[in-house]
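Shown next, in structure tokens, is the structure this report addresses.
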Amino acid sequence: MDMPSGIGGGDRKDSAESDGARGFFGKLGARKARPRDGAATLANLDTREALLLLRNFEESKRGWFWATDAKGRLTYITDAVARLMGRSGGELVGAGFTDLFLPVDSQSERQRTLPFLFTKQSKFDELPLRSAFEGDDRWWAISGRPHYDANGNFAGYRGSGADITAQRRSAEDASRLALYDSLTGLANRFHISKKLDMTLAAFTQQQRSCAIMLLDLDRFKQVNDTLGHPAGDALLKQVAERLLKIVGDKEMVSRLGGDEFQIILPDVEDRGKLGDMAADIIASLSQPYSVEGSRCIIGASVGVAIAPFDGQTSDDLVRNADLALYAAKGNGRGRFAFYSSDLHQAADDRRKLEEDLRDALARGEMQLSYQPVVNAKSNIVTGVEALVRWTHPERGVISPSVFIPIAEEANLIWPLGEWVLRTACADAARWPGDLRVAVNVSPIQFANEDLPKIVTHALAAAGLSPERLELEITESVFLADSNETARMFKALKGLGVRLALDDFGTGYSSLGYLQSAPFDKIKIDQSFVRGATEKGSRNAAIIAAIVALAEALDMETTAEGIESHDQLDLIRKLAVSHVQGYIYSQPVSSEALLDHAEAGSWTIKPSGPARQRNDRFHMFRKVGAIHGNHRYNVVIRNLSATGAFIEGMLDVPVGTQFVIDFGEGQLATATVRRSMKHQQGIEFEQSLVSDGNGGLCTRHRVSPYLIAAASQQTQSHLALPAFTTTSDWQAA
């Protein structure tokens, strides 16, 4: 083995005569001193002792030594360390020293690279480097000094190294704990906040969009309460795994704490795509979990905000996404919602509604109406579903989808539910014949051990036969398949009332429910019915499977939300036993129902459109209609995904194109298809998409950057571009 010149008195002739790589310091230590006088002998003894100490240091594996020639090729390396790298010292001699280590990410390490230092012939101390050999993930702290020959020419490096793997891993663990959630491995609140700050700062300069989603798990607290916190932790891990399968990029998903999560979606502003992703997340997280041998079901609500439309700073964006999340949870949970400026007013309205709701029962503002449930073959009404309505003294009729979630969160659902039950039983007792009345029972009511007593008292007070009362229960009561759930079913069934499984097929479905719970009926959710007649839909096959299952278990089936004859024809063909929907009747008052019942058997002839239409939302909404250089103020009377009915312009020719300005950058190109004096039916060039909250919105919005640029042009007396199609303003 070649000896590095100038170390320990060795020279190249001595190196050439050595027996290979016997150990650098071992060989030097074995050379005999040639005494000349006492001082020289003492110096040689000191050198020998120093070399023995260095060899001892090598053998202790606390550190090692290396040397190179002027070209950076190894002339010596401690043999024990070479073997850790998968080679012997002799095999590594002649190899490039820099090849022993992986290239350094200079940004993350914030250091000059080893090749750079070699090129500059600079000294360095404790440079952290990772082994480049396969299977060896050690880290080394490398120090080196250049040395020169007698003529002052650079002759190479001499240096040392130390194993810092343990310290490195400890530091990485500490860094990981500072940036990542220890339970799920996702980014933590601090890490995702910094990432969002940096992303938005860069995207603002580049005029790019970035969406965020805030997620909150529904009914997670019940898992902790019923199964314990270890089970809750295990559930959160599974939630994180499901999120990553949908989002893909681990660095963009974070757990903020508790059961809250945040997702960053760079360069996404298409609300159609965002809505689809949010719906996928909700559906995935709502599927059953297996935790420590128990079956758990939770849900999720999602709020979405998009920069720059909904805020350009992280604080604004997170605050607005949180407001959207609050709206999603307030409208029934298991939903998503996009931020809009209206939500600020909606949040205030919600707080006021909660205050008013506390006194609504006492003031007599609550009423019940009843929607007929009809035998699909005979058109004979066999029962009704009780639906609660709130007539507010100032706001008029308020939908249950608005006030029921408020009642649940404000702990008002129990007195309200008891009132509905007692009133429905009292009304039904007045009806002649054997019409059944169905009453919805919320999961909060179902979890109250006093429910059987309340049912018993309601039946007794009204004098109603138990078999005429049907309790509709959603699948969310099966959160943990607990013994309490089984006992409640047994107690209710022991009263003689009928039980119906409501909203079957909405994401929580399990055959296990039907095996363990004594249901008399399955209600097929209207979401399956609405899409069943569409070309390519598999909903009909799903409905057929539900019907076959119900028949095998001797249960009735009811299809909800039937509105058109093609839907009714399909439902009859699939042998669904009962139908509920506007095709037969809207909800009616108890008095109107009594009139029909007194006339004898109540038969209703189906009446409705021939084919299923897109959902239409009746409204009174002021918007702008832009044509050429003119803007007209018009009112939307009803709205669907594909078109709208507007009024406010006179005798508009069929075929005229408008850009409808819904506000907040929402523009939709539309063509007049029907025109009747001051009313027009328009068709959108690109369909609107669900806002996740029961409404519709445009898929895209005009960027604030474009609006700002247009404003500058206006101030400079430049003409604004005339947008005539959706693609024009999207491209701009």
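The values are calculated or read from the model by the stated rules, or taken from the named source; none is laboratory data. All figures in this text were calculated on a predicted structure; none of them were measured in a lab. Note: ideal-geometry Cβ built from the backbone for every residue, glycine included; neighbour counts use all protein chains shown. Please note that ligands, DNA and RNA were not included when accessible areas were found on the heavy atoms of the full protein model with its side chains. Shrake-Rupley method; radii C 1.70, N 1.55, O 1.52, S 1.80 Å.
I380 versus (1) of a type in the set (A, V, I, L, M); (2) open to solvent by 30 Å² or more (accessible area, probe 1.4 Å); (3) without any contact (Cβ under 8 Å) to a residue 60 or more places away in the chain: which is the lone unmet condition?
With respect to (1) of a type in the set (A, V, I, L, M); (2) open to solvent by 30 Å² or more (accessible area, probe 1.4 Å); (3) without any contact (Cβ under 8 Å) to a residue 60 or more places away in the chain, I380 is out only on (3).
Hey, does the stretch 183-206 have a residue that's in a loop (DSSP other than H, G, I, E, B) and either surrounded by fewer than 17 Cβ atoms within 10 Å (Cβ to Cβ) or free of Cβ contacts under 8 Å to residues at least 24 places away in the same chain (or both)?
Among the residues of the stretch 183-206, at least one is in a loop (DSSP other than H, G, I, E, B) and either surrounded by fewer than 17 Cβ atoms within 10 Å (Cβ to Cβ) or free of Cβ contacts under 8 Å to residues at least 24 places away in the same chain (or both), which makes the answer yes.
Say whether the condition of being surrounded by 16 or more Cβ atoms within 10 Å (Cβ to Cβ), in contact with a Lys or Arg (Cβ under 7 Å, 6 or more places away or on another chain) and charged (D, E, K, R) is met by at least one residue in the stretch 214-221.
yes
Could you pull out every one of the helices (runs of 4 or more DSSP H) wholly within the stretch 514-590 that has 3 or more residues that are modelled with pLDDT under 90, open to solvent by 20 Å² or more (accessible area, probe 1.4 Å) and of a type outside the set (A, V, I, L, M, F, W, C)?
526-532
Scan the stretch 288-327 for residues that are modelled with pLDDT under 90, open to solvent by 10 Å² or more (accessible area, probe 1.4 Å) and not polar (S, T, N, Q) and jot them down.
Within the stretch 288-327, P288, E292, G293, R295, Y326, A327 qualify.
Would you mind finding the one in R637, R674 that is at pLDDT below 90 and more than 30 Å from F203 (Cα to Cα)?
Result: R637 is the single residue among R637, R674 that is at pLDDT below 90 and more than 30 Å from F203 (Cα to Cα).
Only residues that are outside any strand (DSSP E or B), over 30 Å from A307 (Cβ atoms) and of a type in the set (G, A, S): list them for the stretch 336-377, please.
Passing the criteria: A360, A362, G364, A376.
Which of the residues that make up the stretch 242-288 are basic (K, R) and in contact (Cβ under 8 Å) with a residue 60 or more places away in the chain?
K250, R255, R271
Which members of the stretch 266-276 meet the condition of being surrounded by 21 or more Cβ atoms within 10 Å (Cβ to Cβ) and among the hydrophobic types (A, V, I, L, M, F, W, C)?
Once the filter is applied, which keeps residues that are surrounded by 21 or more Cβ atoms within 10 Å (Cβ to Cβ) and among the hydrophobic types (A, V, I, L, M, F, W, C), the stretch 266-276 yields only L274.
Taking interchain pairs and intrachain pairs at least six residues apart, which have beta carbon atoms under 9 angstrom, with the first residue in the stretch 359-374 and farther than 9 Å from A386 by Cα and open to solvent by 20 Å² or more (accessible area, probe 1.4 Å) and the second hydrophobic (A, V, I, L, M, F, W, C) and in a loop (DSSP other than H, G, I, E, B)?
Note: pairs meeting the criteria are L361/L412.
Looking at R395, R358, R363 in this structure, which one is of a type in the set (K, R) and under 30 Å from T698 (Cβ atoms)?
Testing whether each residue is of a type in the set (K, R) and under 30 Å from T698 (Cβ atoms) leaves just R395.
When the stretch 292-318 is examined, which residues are found to be under 27 Å from L235 (Cα atoms) and free of Cβ contacts under 8 Å to residues at least 24 places away in the same chain?
G293
I'd like to know if the stretch 127-139 contains one or more residues that are at pLDDT 90 or above, open to solvent by 20 Å² or more (accessible area, probe 1.4 Å) and outside any strand (DSSP E or B).
No: the stretch 127-139 contains no residue that is at pLDDT 90 or above, open to solvent by 20 Å² or more (accessible area, probe 1.4 Å) and outside any strand (DSSP E or B).
Would you mention how many residues in the stretch 275-329 are under 25 Å from T204 (Cα atoms), charged (D, E, K, R) and in contact with a strand residue (DSSP E or B) (Cβ under 7 Å, 6 or more places away or on another chain)?
The qualifying residues number 1.
Working only within the stretch 51-76, note down all residues that are open to solvent by 90 Å² or more (accessible area, probe 1.4 Å) and closer than 16 Å to D99 by Cβ.
K71, R73
When the stretch 219-272 is examined, which residues are found to be in a helix (DSSP H, G or I) and under 20 Å from F338 (Cβ atoms)?
Answer for the stretch 219-272, where residues must be in a helix (DSSP H, G or I) and under 20 Å from F338 (Cβ atoms): L243, I246, V247, M252, R271, G272.
Looking at (1) under 24 Å from P372 (Cβ atoms); (2) of a type in the set (S, T, Y); (3) out of contact with any helix residue (DSSP H, G or I) (no Cβ under 6 Å at 6 or more places or on another chain), can you tell me which one T456 breaks?
Only one criterion is unmet by T456, namely (1).
Scan the stretch 591-603 for residues that are free of Cβ contacts under 8 Å to residues at least 12 places away in the same chain and either in a helix (DSSP H, G or I) or touching an Asp or Glu at 6+ places or on another chain (Cβ under 8 Å) (or both) and jot them down.
Result: E591, A592, D595.
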